[in-house]
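S.K.: Structure provided below as structure tokens; questions to follow.
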Amino acid sequence: MKQTRPTPSARALTLLAAMIAAVFAVTSCAPSLPTDGPVGTSEIDALGEPETYFQPDPPVPGAEPEEIIRGFMQAHAGHSNDYAVAREYMTESAAQNWQPGGRTTIYQQEPSFLPGGDPESDEAHYQVQLQVHAVINPDGTMTTMGGTTNEQFDIQLEEVDGEWRISEAPNGKMLDISIFNQVYSAQTLYFYDPQLRYAVPDLRFFVRRPGMPAEIVSRMLEGPAPWLEPAVVSAFPEGASLSRSAVPIDNQVATVDLDAAVQEASPRERLLMSHQLNMALSQLPDVREVELTVGDSELEVPAPDELPEDQQLNIESNPSTTSIQVGIQDDQLVRQNGITTLSIGGLPDLSSFQPQAPAAPRETTEEVFAFLNGSADELYLVRPNENAELVLEAEGLIRPSMDNFGWTWTASHDEDQGATIQVVAHDETVHLSATQVPADWLEQRSVSSLRIAQDGTRAVLVVDDAGQQTLYLASVIRDSDGTPRGLGQPVPLESSQGMEEVRWSNSNEVIVWDSYDGAEDTSDPQRYPLRIGFNGEREFIEPAISWLLNISAGEGQSNIYAETVDVPFWNLSGSDWESSEDVEVRDLAFPG
């Protein structure tokens, strides 16, 4: 697998969201469908920021069927009066039945309009073909297509008083990717791991309009995204809802009026509710505090230090890994702090194992490391002043990932059954030493990379299915004591034939790449690692780096390091890779 240089159009796509605002500042009307019509900002709204609005044009007398369809699609960006302008392109019956609030299809490139039926008839049928980038589901979650996906939509038209109008159209909206970035806002809801140690992000998308705070709260009360639901909990009881359809904001205080379902909550549960709402709503520029009420009467929420000591909250949001990496030098495990190499006292001689793919946890009761042997069929744990311990034997083991709940993760591969997720307890207080984690969707597939997020509830995997590589995001299902019990049904993030490894770079972003394997054609050894945001954004890391073997990145860490065939240590500094010949450590990895 060789990752080729991205085309100018592919690179431009990742920059489009940042550029589009400048484009709109220059002109309010562009020649192509997605950017026709005036765009601007309104008065400061309840969100504390200008509301982006789109003023689509109504139908032009005498417009042909294709022009009507184009205008209708363009008007999907104008939410005013429940998409009143879009409904003007429809017959009276169709306008009443059309539901824009369902699925939103985000497309790139110019749509194709294929006519069908009798051109002399007073009815017309068109098939609209779109190159779909992603879909926003009714609950605000995004489903990326994992590559180029073409979809077709049927639209029927008929003549009404001599003018073409749409009589049948699919529910939902169709938006060009550049307009989508103007009309929608990505907001993060938060839930908790079952042990209440971490706040877990759940990214959703909302139309930019004054009612957005209430929509954020409503989505949170409905619960986590389906893929995440098996791994997290909410502070709110099932069935809790807003008692009114607004969340007013006054003097930077958002008032959330809930129904009586929350009234019986304990003081700790009320504090958890307040904490969960504050994390979500404080992302809005005009919110600094959240007040809970029931029937317009204040719901008493204790201060954090008013709870008994054994009930106090210690929840970490957006957890970061530490900046000190683990690597290998002269067949020994070492630590790497920037450009400084540090020995690890008390470790035994590991040279006979030919160690590779080292790992370390961010949190542990004692210092412990993991590594694979040279043939990648044995997994070892090693502690200072102890011999290395063989904890797993299996074919085709991949680089281990050590979570903050005391477990080391890897995957093995069997030609007949496919991938098996394997976990081993690296915390000696855990009684169960090793187990397999069910993930039936991996049957007959192989896993080349697996990384557990710092919050312990999410995993990213690069999966090979008959030569097609797909990046998946899945929930990590655990017992109440943190023991892994399964991987939930995943959502695809990206598909490519140039992808082999993945690393977390922050709580909602990963980096993927294809490593040079030494056996391929060497005429083009360049690699372009790809940043993949869970908000749908994609960005190639440039400039290219040749003969790439490994990348080290970690949640909350700004530095990205690379290893190549000839140079073990590169640091991405600004827009260029800088090498350090004094560092001889290979196979670097941030804790996690």
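The values are calculated or read from the model by the stated rules, or taken from the named source; none is laboratory data. It should be emphasised that the depicted structure is a prediction, and the values quoted were computed from it without experimental measurement. Note that we place each Cβ from the backbone using ideal geometry, even for glycine, and neighbour counts take in every protein chain shown. Please note that ligands, DNA and RNA were not included when accessible areas were found on the heavy atoms of the full protein model with its side chains. Shrake-Rupley method; radii C 1.70, N 1.55, O 1.52, S 1.80 Å.
S.K.: Return the distance in nm (one decimal) between the two label points of a simple spin-label model at residue 468 and residue 509, each offset 7 Å from Cα along Cα→Cβ.
M.R.: Those two pseudo-labels are separated by 2.9 nm.
S.K.: Next question. Go ahead and run the numbers for FRET between residue 121 and residue 99, Cβ-Cβ distance against an R0 of 25 Å, rounding to 0.05. Please list the in-between numbers first.
M.R.: On the way: r = 28 Å, r/R0 = 1.10.
FRET efficiency, residue 121 to residue 99: 0.35.
S.K.: With both partners inside the chain, how many of the DSSP beta bridges are antiparallel, as a percent to the nearest 5? Before the final figure, lay out the partial values.
M.R.: Numbers: 129 of 142 bridges.
Bridges in the chain that DSSP calls antiparallel: roughly 90 percent.
S.K.: Return the inverse of the average 1/r over all pairs of distinct C-alpha atoms in region 215-357, which is the Kirkwood hydrodynamic radius, in Å to one decimal. Each step should come with its number before you reach the end.
M.R.: On the way: mean 1/r = 0.0529 Å⁻¹.
One decimal place: 18.9 Å for the Kirkwood radius.
S.K.: For a Förster distance of 56 Å, can you work out the FRET efficiency between the beta-carbons of residue 385 and residue 152, rounded to the nearest 0.05? The partial results should precede the final answer.
M.R.: Numbers: r = 65 Å, r/R0 = 1.17.
Once the sixth-power term is evaluated, E becomes 0.30.
S.K.: Kindly sort 390, 242 by accessible area of their heavy atoms, largest first, with the probe set to 1.4 Å. Each step should come with its number before you reach the end.
M.R.: On the way: 390 75, 242 30 Å².
Largest accessible area first, the list is 390, 242.
S.K.: Hey, what's the Kirkwood Rh for region 146-266 if you take every pair of different alpha carbons, in angstrom? Walk me through the numbers on the way to the answer.
M.R.: Working: mean 1/r = 0.0553 Å⁻¹.
It is 18.1 Å.
S.K.: Fully extended, how many nm does the chain gain between residue 82 and residue 349 (0.36 nm per residue separation, minus their Cα-Cα distance)? Don't jump to the answer; show the numbers that get you there.
M.R.: Values: separation 267, 0.36 × 267 = 96.12 nm, distance 6.98 nm.
Additional length available on full extension: 89.1 nm.
S.K.: In addition: Roughly what would the spin-label model give for residue 320 and residue 342, points 7 Å off Cα along C-beta, in nm?
M.R.: 1.6
S.K.: OK, next. Round to a whole angstrom and tell me the spacing of the C-alpha centers of region 481-501 and region 272-344.
M.R.: Result: 24 Å between the Cα centres.
S.K.: P(r) for region 316-381, please, calculated from all Cα pair distances in 5 Å bins and given in %.
M.R.: 4, 16, 26, 25, 16, 10, 3, 1, 0
S.K.: Quick one: how many Å² of residue 577 are accessible to a 1.4 Å probe, rounded to 10?
M.R.: We get 20 Å² for residue 577.
S.K.: Then there is this: Hey, rough spin-label estimate for residue 250 and residue 440, points 7 angstrom out along Cα→Cβ, what's it come to in nanometres?
M.R.: Taking the simple label geometry, residue 250 and residue 440 are separated by 5.3 nm.
S.K.: Report the accessible area of residue 299, computed with a 1.4 Å probe over the heavy atoms of all protein chains in place, in Å² rounded to the nearest 10.
M.R.: For residue 299, the solvent-accessible surface is approximately 10 Å².
S.K.: Now, a different point. Under the rule of -39500 (n - 2.57) per DSSP H run of 4 or more residues, summed and divided by the residues of the chain, what mean residue ellipticity at 222 nm is obtained, to the nearest 500 deg cm²/dmol?
M.R.: Working: 7 runs with 77 residues, N = 592.
So the helix-based figure for the chain works out to -4000 deg cm²/dmol.
S.K.: Hey, another quick one. Tally Lys and Arg at +1 and Asp and Glu at -1 over the other residues with C-beta under 11 Å from the C-beta of residue 465: what net charge comes out? Walk me through the numbers on the way to the answer.
M.R.: Values: positive: 445; negative: 443, 464.
So the surrounding residues net to -1.
S.K.: With +1 on each Lys and Arg Cβ and -1 on each Asp and Glu Cβ, how big is the dipole of region 173-263 about its Cα centre, in debye rounded to the nearest 20?
M.R.: Details: 7 positive and 10 negative charges, 55 e Å.
Rounded to the nearest 20 debye, it is 260 debye.
S.K.: Follow-up question, since we're still on this one. Ignoring everything but the protein chains, give the 1.4 Å probe accessible area of residue 353 in square angstrom, nearest 10.
M.R.: Residue 353 exposes around 50 Å² with every protein chain in place.
S.K.: Rg/Rh for region 156-207 to two decimals, with Rh computed the Kirkwood way over all alpha-carbon pairs.
M.R.: Result for region 156-207 is an Rg/Rh of 1.35.
S.K.: Related question: Note down the relative contact order for region 303-389 as a percent, whole number, built from C-alpha pairs under 8 angstrom at least six residues apart. Spell out each step's value before the answer.
M.R.: On the way: 121 pairs, mean separation 17.5, N = 87.
Computed value for region 303-389: 20 percent relative contact order.
S.K.: Just the number: Rg to Rh for region 108-183, Cα atoms, Kirkwood Rh, two decimals. Walk me through the numbers before you get to the answer.
M.R.: Values: Rg = 14.9 Å, Rh = 14.2 Å.
Across region 108-183, the Cα-based Rg/Rh ratio is 1.05.
S.K.: I would also like to ask the following. Remind me, relative contact order of region 190-241 in percent, using alpha carbon pairs under 8 angstrom and six or more residues apart?
M.R.: Working: 48 pairs, mean separation 21.6, N = 52.
42 percent.
S.K.: May I ask for the net charge around residue 215, where only other residues with Cβ less than 10 Å from the Cβ of residue 215 are counted and Lys, Arg are +1 while Asp, Glu are -1?
M.R.: Numbers: positive: 204, 209, 219; negative: none.
Every neighbour counted, the sum reads +3.
S.K.: Per residue and in Å³, how big is the convex hull formed by the alpha-carbon atoms of region 354-430?
M.R.: Details: hull volume 6.2 nm³, N = 77.
Normalising the Cα hull of region 354-430 by residue number yields 81 Å³.
S.K.: What FRET efficiency would be calculated for the residue pair residue 297, residue 433, taking the C-beta separation as r and a Förster radius of 51 Å, to the nearest 0.05? It would help to have the intermediate numbers written out before the result.
M.R.: Details: r = 53 Å, r/R0 = 1.04.
Efficiency at R0 = 51 Å is approximately 0.45.
S.K.: Right, another one. Given a 1.4 Å probe, how much area per residue of the chain is accessible, in Å²?
M.R.: Values: 25540 Å² over 592 residues.
With the other protein chains kept in place, the chain gives 43 Å² per residue.
S.K.: How many percent of the accessible area of the chain is carbon or sulfur, using a 1.4 Å probe? The partial results should precede the final answer.
M.R.: Numbers: 11110 of 25540 Å².
Carbon and sulfur: 44 percent of the exposed surface of the chain.
S.K.: Another question about this same structure. Based on the mean of other beta carbon atoms within 10 Å per residue, what is the order of 408-419, 305-316, most packed first?
M.R.: On the way: 408-419: 18.7, 305-316: 10.5.
My ranking of the peptides, most packed first, is 408-419, 305-316.
S.K.: Quick check on the chain: what are the equivalent-ellipsoid semi-axes from the Cα gyration tensor, as sqrt(5λ), descending, whole Å? Working shown, then result.
M.R.: Details: eigenvalues 419, 203, 89 Å².
The answer is 46, 32, 21 Å, longest axis first.
S.K.: Continuing with the same structure: By the scheme Lys and Arg +1, Asp and Glu -1, what is the net charge of all other residues having a beta-carbon under 10 Å from that of residue 312?
M.R.: -3
S.K.: With a cut-off of 8 Å between alpha carbons and a minimum separation of six or more residues, what is the relative contact order of the chain in percent? Please list the in-between numbers first.
M.R.: On the way: 1413 pairs, mean separation 67.9, N = 592.
Relative contact order of the chain: 11 percent.
S.K.: Considering all alpha-carbon pairs of region 484-581, what whole percent are spaced by more than 20 angstrom?
M.R.: 40
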